[in-house]
Amino acid sequence: MMVPMNGRDAILEQCAERGWRASIVPVARRDDALAAIRRRHAAGEFDEALYREYLVPILEAPLPDAPTPRSILLLATPSVPVRLHFVLDGIPFPVLAAPGYLRRVSPRPRDAIPQMLALLGLRAAPLDVPLKTLATLSGFARYGRNNITYVEGLGSLCALAAFVTDLDCDEMPAQPQEALARCASCRVCHAACPTGAIGDDRFLLHAERCITFWNEKDPDVAFPAWIQPEWHNALFGCMHCQRVCPENAAHIDRVLEGPVFDEPTTQRLLAGAKPDDFSDDVRRAVAAWRLTDLIDYLRRNLGVLLRNEMSRRGDRGREERERS
């Protein structure tokens, strides 16, 4: 089915009305993205454990059975840090989650995009693909020195998604993967990264040293000893490089106030309780903020952040007592 150009324009306009950035690119960009990842692996640029844990499942993911793959709809939705609130020993603890993890988008793109295309007699399905590589090869985003992708008008405070569609799309060559122009002379993210993940030896991130990589490990995986307690700064992800990036200056102060968990709930979260173990109100909050799939990571990461904050408060208290 051939869809008139104004139909494609209508899809992009509907995304823009929701504050989403969107682009329709040839389905061949998927193969380009997979090939780029494989070339880098063959060149020895990836930590092998990271490659097998994170990239191999994406490389081996098949295209959805439907729709007939003719194009890819690339999407970037605004996603700012979310401040969650916990209570321990009667003390409130606000904790940030980095962009891209928690958001209350309604309707969710996963639901809205297929509905948009259905009105044109078309179909769309979520696509499992290396999103940053796909976005940069398509000219939809550019890399920062921190290897996070930046989308015009959103900075790095966005969440990428891709959908395979049966919408016709003109062929076009892959774009060179470009970095932000500012990165050629700016090193603030390099200076802000405490782990050395943003190295001097290459542009590609040493992802195996990134705090985000370790924040996404299962609860029974201990943080390595070389990660200093004070380096932890977010419940999910990491904010060190994004917070100081000049490209984010217009966006980074935007923080969304997230769910509030009382002390009994905080204690149960730290003990490893599952969503079904909580009251209806807590379960609704967990689901609304898309925390359900992150609960297993929360116990370990929250415990580290709370211990660090309690230690800092204790140090400040001792200093005040010594001065008085």
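Quick notes on this structure:
- Listed by first and then second residue, the pairs with beta-carbon distance under 9 Å, at least 6 apart or on different chains, first residue in the stretch 261-276 and farther than 12 Å from L302 by Cβ and touching a residue at least 60 places away in the same chain (Cβ under 8 Å), second open to solvent by 50 Å² or more (accessible area, probe 1.4 Å) and not basic (K, R), are E263/D89; E263/G90.
- Test result for G121, in contact with a Gly (Cβ under 8 Å, 6 or more places away or on another chain), at pLDDT below 95 and open to solvent by 20 Å² or more (accessible area, probe 1.4 Å): no
- D276 meets the conditions (1) open to solvent by less than 30 Å² (accessible area, probe 1.4 Å); (2) at pLDDT below 90 in every case but one. The failed one is (1).
- Selection of first residues in the stretch 283-297 that are more than 16 Å from R83 (Cα to Cα) and of second residues that are surrounded by 15 or more Cβ atoms within 10 Å (Cβ to Cβ) and at pLDDT 90 or above, restricted to Cβ pairs under 6 Å at least 6 apart or on distinct chains, gives the following pairs, ordered by first then second residue: T292/V286.
- Number of positions in the stretch 174-216 that are acidic (D, E) and either assigned to a helix (DSSP H, G or I) or in contact with a strand residue (DSSP E or B) (Cβ under 7 Å, 6 or more places away or on another chain) (or both): 2
- Here V255, V221, V244 are screened, and the one residue that is surrounded by 15 or more Cβ atoms within 10 Å (Cβ to Cβ) and either of a type in the set (A, V, I, L, M, F, W, C) or touching a helix residue (DSSP H, G or I) at 6+ places or on another chain (Cβ under 8 Å) (or both) is V244.
- Qualifying residues in the stretch 128-140 (those that are out of contact with any Lys or Arg (no Cβ under 7 Å at 6 or more places or on another chain) and part of a loop (DSSP other than H, G, I, E, B)) - the one nearest to Q175 (Cα to Cα): G139
- Identity of the residue in the stretch 153-179, of a type in the set (A, V, I, L, M, F, W, C) and surrounded by fewer than 17 Cβ atoms within 10 Å (Cβ to Cβ), that ends up modelled with the lowest pLDDT: M172
The values are calculated or read from the model by the stated rules, or taken from the named source; none is laboratory data. All values reported here derive from a predicted model rather than from experimental measurement. We place every Cβ from the backbone using ideal geometry, glycine too, and count neighbours over all the protein chains shown. Note: accessible area is taken over every heavy atom of the protein model, side chains too, but ligands, DNA and RNA are not part of it. Shrake-Rupley method; radii C 1.70, N 1.55, O 1.52, S 1.80 Å.
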